[in-house]
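Participant: Can you read through this structure? Questions will come right after.
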Amino acid sequence: MLSVALPVGVVEGRLGGGLSVAAVNGPSSVVVAGGVDALGVLEEELRGEGVRVRRVAVDYASHSVEVEGVEGELAGVLAGVSGVSSGVPFYSTVTGGVVDTALLDGGYWYRNLRERVRFEEVTRVLLGEGRRVFVEMSPHPVLGFVVAETMGAVGVDGLVVGSLRRGEGGLERFLRSVGEVFAGGVDVDWEAAFDARGARRTQLPTYPFQHQRYWLTSQRAEGDVSQ
């Protein structure tokens, strides 16, 4: 799999035999999957043109025709999987919109592995519904920048925050991320985060904050400014 920093329309026009678009994450963030040799040829060509490309650290071509070779095996493994309806809307990168989670059976999860990831499409749907705050729940931010890129393409402002970071996987990092969300205007239940750890509220200083200006108030100034 190869991450390519080009629009999907441009990428599709460059694909040779055995290659296909595996994911469309943003306006210029596409993942290509397929045979190693064909992928290597495309990678070399794009690098030579100055296009930013990066190999994805996996040893199988997910979201491509290659997955069909294990369809029968996956059908057996996932046969017992069933879903129930959720009270929280579930936006699927398989369908590109809201899905009743009662439909998330084994067949759905096979499609999730086989079909193209429609991440940008779902992001645009959410932005169209007025969503402006996105939290990437992951060990390290990977897709936050493409969400921000899609925001820019749509022409809206918003907030994109990670949860944890590589090398910073503890509660302190998580609470810092919650603080970023709070600073962005989202209401946070701080008591739920800190009361169990012995935190307490602190009063603001009892004296008023004194502000003193140091700008000149005169409308006229005389003198030789060259000195």
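Participant: Specify the residue that is farthest from ARG173 (Cα to Cα); the eligible residues are those in segment 193-203 that are of a type in the set (Gly, Ala, Ser) and outside any loop (DSSP other than H, G, I, E, B). Lay out the reasoning, then the answer.
Facilitator: Just the residues of segment 193-203 that are of a type in the set (Gly, Ala, Ser), to begin with: 193, 196, 198-199.
With outside any loop (DSSP other than H, G, I, E, B) added as a condition, the list becomes 193, 196.
Values: ALA193: 13, ALA196: 18 Å.
Filtering segment 193-203 for residues that are of a type in the set (Gly, Ala, Ser) and outside any loop (DSSP other than H, G, I, E, B), the one farthest from ARG173 (Cα to Cα) comes out as ALA196.
Participant: Looking at VAL32, VAL81, VAL56, VAL51, which is the one that is β-branched (Val, Ile, Thr), under 27 Å from GLY13 (Cβ atoms) and either open to solvent by 80 Å² or more (accessible area, probe 1.4 Å) or in contact with a helix residue (DSSP H, G or I) (Cβ under 7 Å, 6 or more places away or on another chain) (or both)? So that I can check it myself, show each step before the final result.
Facilitator: Details: VAL81 fails: under 27 Å from GLY13 (Cβ atoms); VAL56 fails: either open to solvent by 80 Å² or more (accessible area, probe 1.4 Å) or in contact with a helix residue (DSSP H, G or I) (Cβ under 7 Å, 6 or more places away or on another chain) (or both); VAL51 fails: either open to solvent by 80 Å² or more (accessible area, probe 1.4 Å) or in contact with a helix residue (DSSP H, G or I) (Cβ under 7 Å, 6 or more places away or on another chain) (or both).
Of VAL32, VAL81, VAL56, VAL51, the one residue that is β-branched (Val, Ile, Thr), under 27 Å from GLY13 (Cβ atoms) and either open to solvent by 80 Å² or more (accessible area, probe 1.4 Å) or in contact with a helix residue (DSSP H, G or I) (Cβ under 7 Å, 6 or more places away or on another chain) (or both) is VAL32.
Participant: Quick check on segment 59-78. Is at least one of its residues out of contact with any strand residue (DSSP E or B) (no Cβ under 9 Å at 6 or more places or on another chain), touching a residue at least 12 places away in the same chain (Cβ under 8 Å) and at positive phi?
Facilitator: No, segment 59-78 contains no residue that is out of contact with any strand residue (DSSP E or B) (no Cβ under 9 Å at 6 or more places or on another chain), touching a residue at least 12 places away in the same chain (Cβ under 8 Å) and at positive phi.
Conditions (1) touching a helix residue (DSSP H, G or I) at 6+ places or on another chain (Cβ under 8 Å); (2) at pLDDT 95 or above; (3) open to solvent by 30 Å² or more (accessible area, probe 1.4 Å), marked per residue:
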position: GLY130; (1), (2), (3): no, yes, yes
position: SER138; (1), (2), (3): no, yes, no
position: VAL146; (1), (2), (3): yes, yes, no
position: MET151; (1), (2), (3): yes, yes, no
position: GLY158; (1), (2), (3): yes, yes, yes
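Participant: With touching an Asp or Glu at 6+ places or on another chain (Cβ under 6 Å) and either in a loop (DSSP other than H, G, I, E, B) or closer than 26 Å to TYR91 by Cα (or both) as the only criterion, which of THR150, THR206, THR217 stands out?
Facilitator: On the way: THR206 fails: touching an Asp or Glu at 6+ places or on another chain (Cβ under 6 Å); THR217 fails: touching an Asp or Glu at 6+ places or on another chain (Cβ under 6 Å).
So the residue among THR150, THR206, THR217 that is touching an Asp or Glu at 6+ places or on another chain (Cβ under 6 Å) and either in a loop (DSSP other than H, G, I, E, B) or closer than 26 Å to TYR91 by Cα (or both) is THR150.
Participant: For segment 84-128, which positions are hydroxyl-bearing (Ser, Thr, Tyr), over 18 Å from VAL21 (Cα atoms) and open to solvent by 40 Å² or more (accessible area, probe 1.4 Å)?
Facilitator: Scanning segment 84-128 gives SER85, SER86, TYR91.
Participant: Give the number of residues within segment 160-177 that are aliphatic (A, V, I, L, M) and at pLDDT below 95. Before you say what the answer is, go through the steps one by one.
Facilitator: Initial filter on segment 160-177 (aliphatic (A, V, I, L, M)): 160-161, 164, 171, 175.
Filter again for at pLDDT below 95, leaving 171, 175.
Of the residues in that region, 2 qualify.
Participant: Within segment 171-178, is there a residue that is surrounded by 13 or more Cβ atoms within 10 Å (Cβ to Cβ), within 18 Å of GLY26 (Cα to Cα) and of a type outside the set (Ser, Thr, Tyr)? Step through it out loud before you land on a result.
Facilitator: First, the residues of segment 171-178 that are surrounded by 13 or more Cβ atoms within 10 Å (Cβ to Cβ): 173-178.
Adding the requirement that they be within 18 Å of GLY26 (Cα to Cα) leaves none.
No, that holds for no residue.
Participant: Any residue at all in segment 179-190 that is surrounded by 13 or more Cβ atoms within 10 Å (Cβ to Cβ) and in contact (Cβ under 8 Å) with a residue 60 or more places away in the chain?
Facilitator: Within segment 179-190 (the criterion being surrounded by 13 or more Cβ atoms within 10 Å (Cβ to Cβ) and in contact (Cβ under 8 Å) with a residue 60 or more places away in the chain), the answer is no, since none of the residues qualifies.
Participant: Would you tally the residues in segment 118-147 being among the β-branched types (Val, Ile, Thr) and assigned to a loop (DSSP other than H, G, I, E, B)? Please lay out each step first, then the result.
Facilitator: So in segment 118-147, the residues among the β-branched types (Val, Ile, Thr) come out as 122-123, 125, 133, 135, 142, 146-147.
Still in the list and also assigned to a loop (DSSP other than H, G, I, E, B): 142.
Residues meeting the conditions: 1.
The values are calculated or read from the model by the stated rules, or taken from the named source; none is laboratory data. This one's a predicted model, so the numbers in the text were calculated from it and none came from an experiment. As a convention, Cβ positions derive from the backbone with ideal geometry for all residues, glycine included, and neighbour counts pool all protein chains shown. Side chains are part of the model used for accessible areas, which takes the heavy atoms of the whole protein and leaves out ligands, DNA and RNA. Shrake-Rupley method; radii C 1.70, N 1.55, O 1.52, S 1.80 Å.
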